[in-house]
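Below: the structure, in structure tokens.
Values quoted throughout were computed directly from the atomic coordinates according to the rules given, and no laboratory measurement underlies them. The structure presented is a predicted model; accordingly, all values stated were derived computationally and were not measured. Glycine gets a Cβ as well: all are built from the backbone with ideal geometry, and neighbour counts include every protein chain shown.
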Amino acid sequence: MVADFNVAKSPKDIAFYASLLAAAFPICQMMTIMYWSRLSDRIGRRPVLMIGLLGYLVSFLMFGICRSFYWALFARCINGLLAGNVAVIKSVFAEISDDTNRPRMMALLPLMWNLGSVGGAAIGGIFADPTHQYPRIFGHMEIFRVFPYLLPCLIGCSITVFGLVMGIFKMEETL
């Protein structure tokens, strides 16, 4: 992706720019996580989680249609700024669990994070640039020729939409 943006002057520079993209999310998340935690104490866990999921959805779409390094960096920053869900989810888990199931519930958080990290990377690698990787299936779809990284982002968006729907219809406020 970074190579396609033509921002790197040499192949060695690609790693530098890729690391900037990778670091943008956690840096921005660090800057706002306490804000989201405090806000969830005031307005509730559920609305903050829904805002975070909407932020993921928008930033995934932005990332999928980016055509420059700086647009991709902006999308990653938006993703991180709106990603205060980790701390809020821990609060929800603590509030809906008791001594009999709390350790198991808390163990699910890093398990799901790691599953998402590995699965997301796999989805990105498998479905990036589908018009070239799978020309028989996607070769005629102009949208994926113009936006070669949109398909994996749309897959991520579908998972996020599922979480939003579940949150809207099934999640009860825990505060």
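Details
- To the nearest ten degrees, helix 150-169 and the longest principal axis of the Cα atoms of the chain are 20 degrees apart.
- Convex hull per residue volume in Å³, alpha carbons only, for region 6-68: 77 Å³
- Full extension of the segment from TYR134 to PHE169, taken as 0.36 nm per residue of separation minus the current Cα-Cα distance, would add 8.9 nm.
- Positive minus negative residues near GLY44 (Lys, Arg vs Asp, Glu; Cβ under 15 Å): 0
- Label-point separation in nm, ILE43 to ARG104, each point 7 Å along Cα→Cβ: 3.4 nm
- Seen against the Cα atoms of the chain and their longest principal axis, helix 69-81 is set at about 10 degrees.
- Rel. contact order, % - alpha carbon contacts under 8 angstrom, at least six apart, the chain: 28 percent
- Cβ charges +1 (Lys, Arg) and -1 (Asp, Glu), total dipole of region 49-175, debye: 380 debye
- Label sites at TYR35 and ALA94, each approximated as a point 7 angstrom past Cα along Cα to Cβ, lie 2.2 nm apart.
- Across the chain, Cα-Cα pairs farther apart than 22 Å form 51% of the total.
- Rounded to the nearest 20, the Cβ-based charge dipole of region 1-112 about its Cα centre (Lys and Arg +1, Asp and Glu -1) stands at 120 debye.
- Hydrodynamic radius of region 118-175 per Kirkwood, over alpha carbon pairs, in Å: 12.9 Å
- Two-decimal Rg/Rh across region 60-121, once Rg and the Kirkwood Rh are taken from alpha-carbon atoms: 1.14
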